[in-house]
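Submitted below is the structure of interest, expressed as structure tokens.
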Amino acid sequence: MNNKSKYTAAAAQLGPIDPSEPKESVVARMLNLLIEAKTKGTELVVFPELCLTTFFPRYYITDPANLDTYYESEVPISLMSDMFELVRKEKIIISFGYAERDNGIPFNTSVYVDSSGNIVGKYRKIHLPGHYEYEPDRPFQHLEKRYFTKGNLGFPTFDTTLGRLGMCICNDRRWPETYRVLALQGCEVVTLGYNTPKHYPLAPEHDHLQEFHNHLCMQAAAYANGMWVIASAKAGLEDNCELIGGSCIISPRGEIVAEANTTMDELVVAQIDLNECTLIRENIFDFNFDIYIPLYIYIYYIFFY
Ligand code: CDT
């Protein structure tokens, strides 16, 4: 693989998607961001989690036909053909999230599409937050546990022309082991999308810290693992539910090098330099496999036996 160590990347933040907005309209908005990305010479563009529709786990949906409308049995290539064409022509890699049904099994999924126009990477969300049953006391639901099955692909990495990439999705970003599992496989850039309500009904005391916690976990992980993190929000007031913005690109130094200014559709652009991963990994956190792999096996052993 002919790796580029320096290139331009973007988090393509989306503003709110109303439940009545057709997927075609959302994809048109995504295409606009991709065209802007192209004019800025961007080679890697990251769209949010479940980005083709409103964040439907907010609703308790009892009509199966209605629920069906949120899922794709395969990547909606025809719906996104103009985007895929641009990706092919301009040699861009994109990532986006959608609700997948694979032989009837539902997953919260993210994919990479590269300049071949093919799906070259897939990840299915492992840390599914929220609850299974309708909870009438909540101002809105968070039924990811009901609507999705835990991901069954692990945390894979993908060798691309833009380095070794890996994905996680929203709640995964809060768990340090997500990044460490990716980093131990040599991942250099983690891409992720999120839908994070400002209000968390179970711990409203933390509402004012949502933006801080969003950046805290990703900045700490970028530094501790010597990786770039590109994080793309679905943001703004979506059907009366406020979603935080803060889409950003974080360097392996743990610094936010670019951040969204709005909670609308917005492209957040920065220069990626993969050499910065090496700087951290060789000088600060040297993943010395001789030490750490046996250590992890030991911890696993004392924990489970
Ligand atoms: N989509 C998603 O995973 N959102 C969660 C919300 C908080 S848990 C109910 C998150 O971690 O941002």
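At q = 0.23, 0.29 Å⁻¹, what is the log10 ratio I(q)/I(0) for segment 178-224, with the Debye formula run over Cα points and no solvent?
Listed by q, the Debye log ratios stand at -0.86, -1.08.
Relative contact order of segment 230-270, please, whole-number percent, based on alpha carbon pairs below 8 angstrom and at least 6 residues apart. Walk me through the intermediate numbers first.
Working: 65 pairs, mean separation 13.2, N = 41.
Averaging sequence separation for qualifying contacts and normalising by length gives 32 percent for segment 230-270.
Could you tell me which residue out of 35, 272, 96 lies farthest along the dipole of the chain toward its positive end? Charges go on the beta carbon: Lys and Arg +1, Asp and Glu -1, centred on the Cα centre.
Projecting each Cα onto the dipole axis, the largest value belongs to 272.
For labels at residue 73 and residue 159 in the simple 7 Å Cα→Cβ model, what's the distance in nm?
3.5
Taking the Cβ of residue 19 as the centre, find all other residues whose Cβ is under 14 Å away and add up their charges (Lys, Arg: +1; Asp, Glu: -1). Working shown, then result.
On the way: positive: 23, 58, 234; negative: 18, 21, 63, 238, 239.
Overall, the nearby charge balance is -2.
Once you charge only the Cβ atoms, +1 for Lys and Arg and -1 for Asp and Glu, what is the size of the charge dipole of the chain about its Cα centre, to the nearest 20 debye?
The dipole magnitude comes to about 600 debye.
Take the solvent-accessible surface of the protein heavy atoms, probe 1.4 Å, and return the percent of it on segment 1-158 that carbon and sulfur atoms account for.
The C+S portion of the solvent-accessible surface of segment 1-158 is 49 percent.
Within 10 Å, count the other beta carbons around each residue, average over each peptide in 67-76, 101-110, and list them highest first. Display every interim value, and only then the final one.
On the way: 67-76: 15.0, 101-110: 18.0.
Taking the mean over residues of other Cβ atoms within 10 Å, the ranking is 101-110, 67-76.
How big is the gap, in Å, between the Cα center of segment 132-185 and the Cα center of segment 190-208?
Using only Cα atoms, the two centres lie 14 Å from each other.
What is the sum of charges, Lys and Arg at +1 and Asp and Glu at -1, for the other residues whose Cβ falls under 13 Å from the Cβ of residue 10?
With Lys, Arg at +1 and Asp, Glu at -1, the neighbours total -4.
Based solely on its DSSP helices, what 222 nm [θ] is calculated for the chain when runs of n ≥ 4 H residues each add -39,500 (n - 2.57) and the sum is averaged over all residues, nearest 500 deg cm²/dmol?
-8500 deg cm²/dmol
Give me the compactness ratio for segment 1-82, meaning the Cα radius of gyration over 2.2 N^0.38 Å.
1.32
A follow-up question, please. Take residue 3, project a point 7 Å from its Cα along the Cβ direction, then tell me which residues of segment 165-192 have their backbone nitrogen under 18 Å from it.
165-167, 180-191
Net charge within 9 Å of residue 43 by Cβ-Cβ distance, Lys/Arg positive one each and Asp/Glu negative one each, not counting residue 43 itself?
Once all neighbours under 9 Å are counted, the net charge is +1.
Quick one: order 178, 62 from most to least accessible surface, probe 1.4 Å.
Values: 178 0, 62 100 Å².
The residues order as 62, 178, largest area first.
Determine one quarter of the surface area of the Cα convex hull of segment 220-293, which equals its mean projected area, and express it in nm² to one decimal.
6.2
Determine, from the Cβ-Cβ distance of residue 133 and residue 32 and an R0 of 30 Å, the FRET efficiency 1/(1 + (r/R0)^6), rounded to the nearest 0.05.
The calculated FRET efficiency here is 0.15.
Per residue of segment 233-248, in order, report the coupling 6.51 cos²θ - 1.76 cosθ + 1.60 (Karplus, θ = phi - 60°) as ³J(HN,Hα) in whole Hz, putting x for Gly and Pro.
With the stated coefficients, segment 233-248 comes to 8, 9, 10, x, 7, 9, 6, 6, 10, 7, 9, 5, x, x, 3, 7 Hz.
Taking a probe of 1.4 angstrom, what is the accessible area of residue 253 in Å², to the nearest 10?
Result for residue 253: roughly 110 Å² accessible.
Continuing with the same structure: Looking at this model, which pairs from 6/38; 125/234; 6/40; 89/125 are more than 21 angstrom apart at the alpha-carbon?
89/125
Roll a 1.4 Å probe over the protein chains and send me the accessible area per residue for the chain in Å².
45
At 10 °C and 1.306 mPa s, what whole-number value in µm²/s does Stokes-Einstein give for the translational diffusion of segment 149-259, with Rh from the Kirkwood sum over Cα pairs? Walk me through the intermediate numbers first.
Details: Rh = 14.4 Å.
Rounded, D is 110 µm²/s.
Kindly point out which whole DSSP H helices in the chain project their C-alpha atoms 18 angstrom or further along the helix axis while averaging a Kyte-Doolittle hydropathy of 0.5 or above. Don't jump to the answer; show the numbers that get you there.
Details: long enough: 23-39 (24 Å, 0.32); 210-225 (23 Å, -0.44); 289-304 (22 Å, 1.44).
Helices passing the filter in the chain: 289-304.
Using alpha-carbon pairs under 8 Å, 6+ residues apart, how would you state the relative contact order of segment 1-73 in percent?
The normalised contact order for segment 1-73 reaches 40 percent.
Then there's this: Alpha carbons only, please: Rg and Dmax for the chain, in angstrom.
Reported Rg and Dmax, both Å: 18.7, 56.
The values are calculated or read from the model by the stated rules, or taken from the named source; none is laboratory data. Just so you know, these numbers come straight off a predicted model, no measurement behind them. Methodologically, a virtual Cβ is constructed for each residue, glycine included, from the backbone with ideal geometry; neighbour enumeration extends over all protein chains shown. For accessibility, only protein heavy atoms count, side chains too; no ligands or nucleic acids. Shrake-Rupley method; radii C 1.70, N 1.55, O 1.52, S 1.80 Å.
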